[in-house]
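Novice: Supplied in structure tokens, the structure appears directly below.
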Amino acid sequence: MTQILDGNRTRDQIKEECIPRAQAVYKHARRPPGLAVILVGTNPASQVYVRNKTKTAGEIGIYNETLSPDPSITTEDLLRLIRILNIRNEIDGILVQLPLPDHIDAQKILLAVAPEKDVDGFHPYNMGLLATGRPGLRPCTPAGVIEILKRNHIPIAGRNAVVIGRSTIVGKPMALLLLEENATVTVCHSKTADLPGVCRTADILVAAIGRPAMVTADFIRPGAVVVDVGINAITERARAEQIFGPGNMAAFEKRGSQLVGDVHPGDMARLASAYTPVPGGVGPLTIAMLMRNTIEAAERRTGLC
Ligand code: NDP
């Protein structure tokens, strides 16, 4: 029987586990773990993400504040803001919501976050810890993928894992985390020759591409575990009908758009032995892992671990 890997359930488990750890930080340090989120500009998706992050932090007992400087803020002024957060003792985690406006040097900003407060795990220092197999703050989305696999008893060690995508946020750290779990890992990208053929060697196939339903039946070995990281909104009716089928348009009709991953949902459900649906698979895990990273940062900074 096909196993649907339920991201909402895994998210709830991780959140539950975070609550006593946040309380332990409070007991030990006389303050809760603290998270600062910087949101520049009015990107509607970013605003929704930040609202969800602050809501979840509140539910767990993490002190949180959102800083929304004027969208015209310069790189220099934003750097000053980060330097202040770096030295504020009650702030354990700093998250800069991406994308930043074009006039801001995003690389400079991300580099300025103190590595011990880099709860996104994107700083080269934390990437270096990951690459060299040392403990540290791991990027949230790929770390969430490992959690959902492990909690659903999907074996990783010794299996062939293929990751499509090599971004710093998902693909590269995903490959390193799978390697850390002793998978044999292949990383694919836009220049990979015979992409479907390489993907068919996968026992575990992870798609992090940003192209709606690109991974179709010819990429999936029957019985493989498929993890779909992609989140894409389909707004064209004809495209939605092509992906979901004319008989499955109710969700699209209701909202005028529908989310789809990087894997064709019907092909994935038909061929995979286990898979993460979109929505409700990898998506909910990212915020949960951000909360766990914030607590881990607080535990380290307060000397609890
Ligand atoms: P990027 O655009 O940064 O990276 C995409 C990667 O896919 C690149 O490495 C690119 O290759 C590769 N790629 C693009 N087109 C092809 C192709 N035709 N064949 C093979 N490889 C290709 O995206 P992200 O990694 O940031 O995000 C990937 C997806 O994951 C997106 O849908 C995003 O929305 C989603 N996402 C979901 C999150 C969640 O919480 N669930 C969090 C973060 C992202 P190359 O390097 O050669 O250009």
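Novice: Being among the basic types (K, R), more than 16 Å from E76 (Cα to Cα) and surrounded by fewer than 16 Cβ atoms within 10 Å (Cβ to Cβ) is the filter here, so list the residues in segment 103-134 that pass it. Steps first, please.
Specialist: The initial filter retains those residues of segment 103-134 that are among the basic types (K, R), namely 108, 117, 134.
Checking the rest, the ones that are also more than 16 Å from E76 (Cα to Cα) come to 117, 134.
Passing the criteria: only R134.
Novice: In segment 80-99, what residues are in contact (Cβ under 8 Å) with a residue 24 or more places away in the chain, under 19 Å from Y125 (Cα atoms) and not in a loop (DSSP other than H, G, I, E, B)?
Specialist: I82, R83, L85, N86, G93, I94, L95, V96
Novice: Looking at (1) out of contact with any Phe, Trp or Tyr (no Cβ under 9 Å at 6 or more places or on another chain); (2) aliphatic (A, V, I, L, M); (3) more than 28 Å from E299 (Cα to Cα), find the lone condition where V145 falls short.
Specialist: (3)
Novice: Something else: Six or more apart or on different chains, Cβ atoms under 9 Å: show the pairs whose first residue is in segment 1-25 and farther than 30 Å from P265 by Cβ and whose second is surrounded by 21 or more Cβ atoms within 10 Å (Cβ to Cβ) and hydroxyl-bearing (S, T, Y).
Specialist: The qualifying pairs are C18/T294; A22/T294.
Novice: Quick one: would you say I4 is at pLDDT 95 or above, of a type in the set (A, V, I, L, M), surrounded by 14 or more Cβ atoms within 10 Å (Cβ to Cβ) and closer than 29 Å to I154 by Cα? Show your work before the answer.
Specialist: Details: at pLDDT 95 or above: yes; of a type in the set (A, V, I, L, M): yes; surrounded by 14 or more Cβ atoms within 10 Å (Cβ to Cβ): yes; closer than 29 Å to I154 by Cα: yes.
Answer is yes for this residue.
Novice: Do we find a residue being touching a helix residue (DSSP H, G or I) at 6+ places or on another chain (Cβ under 8 Å), surrounded by fewer than 21 Cβ atoms within 10 Å (Cβ to Cβ), farther than 26 Å from D12 by Cβ and modelled with pLDDT of 95 or more anywhere in segment 32-51?
Specialist: no
Novice: Let me ask something additional. So which of D70, D77, D102 is over 21 Å from A22 (Cβ atoms) and part of a helix (DSSP H, G or I)?
Specialist: D77
Novice: Going by what's in this entry, would A24 be described as modelled with pLDDT of 95 or more and more than 18 Å from the chain's Cα centre (by Cα)? Steps first, please.
Specialist: Values: modelled with pLDDT of 95 or more: yes; more than 18 Å from the chain's Cα centre (by Cα): yes.
Taking the combined requirement at face value, the residue satisfies it.
Novice: Give the number of residues within segment 262-276 that are in contact with a strand residue (DSSP E or B) (Cβ under 8 Å, 6 or more places away or on another chain) and surrounded by fewer than 16 Cβ atoms within 10 Å (Cβ to Cβ).
Specialist: 2
Novice: Only residues in segment 111-128 that are under 14 Å from D92 (Cβ atoms) count as the first member; pair them with residues that are among the charged types (D, E, K, R) and not in a loop (DSSP other than H, G, I, E, B), Cβ under 7 angstrom, at least 6 apart or cross-chain, and list the lot.
Specialist: These pairs meet every condition: E116/R300; E116/R301.
Novice: Filter segment 105-117 for residues that are assigned to a loop (DSSP other than H, G, I, E, B) and under 21 Å from the mean Cα position of the chain (by Cα) and give the result. Quick ask: steps written out before the conclusion?
Specialist: Restricting attention to segment 105-117, the residues satisfying the condition of being assigned to a loop (DSSP other than H, G, I, E, B) are 105, 113-114.
Matches in segment 105-117: V113, A114.
Novice: Only residues that are out of contact with any Ser or Thr (no Cβ under 6 Å at 6 or more places or on another chain), in the same structural domain as V229 (by TED's automatic domain parsing), outside any loop (DSSP other than H, G, I, E, B) and more than 16 Å from the ligand (Cβ to nearest atom): list them for segment 124-159, please.
Specialist: The answer is K150, and nothing else.
Novice: For the condition in contact (Cβ under 8 Å) with a residue 12 or more places away in the chain, within 14 Å of the ligand (Cβ to nearest atom), surrounded by 15 or more Cβ atoms within 10 Å (Cβ to Cβ) and in a strand (DSSP E or B), what is the one hit in L259, L290, L285?
Specialist: Numbers: L290 fails: in a strand (DSSP E or B); L285 fails: in a strand (DSSP E or B).
After applying the criteria, what remains is L259.
Novice: Separate question: Which of the residues belonging to segment 207-243 are away from the ligand (no atom under 15 Å from the Cβ) and in a strand (DSSP E or B)?
Specialist: If the condition is that a residue be away from the ligand (no atom under 15 Å from the Cβ) and in a strand (DSSP E or B), then V225 is the only one that fits.
Novice: Right, P279: closer than 17 Å to A208 by Cα, within 11 Å of the ligand (Cβ to nearest atom) and surrounded by fewer than 24 Cβ atoms within 10 Å (Cβ to Cβ) or not? Even if it seems obvious, please write down each step before you answer.
Specialist: Values: closer than 17 Å to A208 by Cα: yes; within 11 Å of the ligand (Cβ to nearest atom): yes; surrounded by fewer than 24 Cβ atoms within 10 Å (Cβ to Cβ): yes.
Here the answer is yes, as P279 does meet what is asked.
Novice: Taking the residues in segment 162-193 that are near the ligand (Cβ under 6 Å from one of its atoms) and among the small types (G, A, S) as candidates, determine which candidate is surrounded by the fewest Cβ atoms within 10 Å (Cβ to Cβ).
Specialist: S190
The values are calculated or read from the model by the stated rules, or taken from the named source; none is laboratory data. As the structure is a computational prediction, the values presented were derived from the model and not from experiment. Note: ideal-geometry Cβ built from the backbone for every residue, glycine included; neighbour counts use all protein chains shown.
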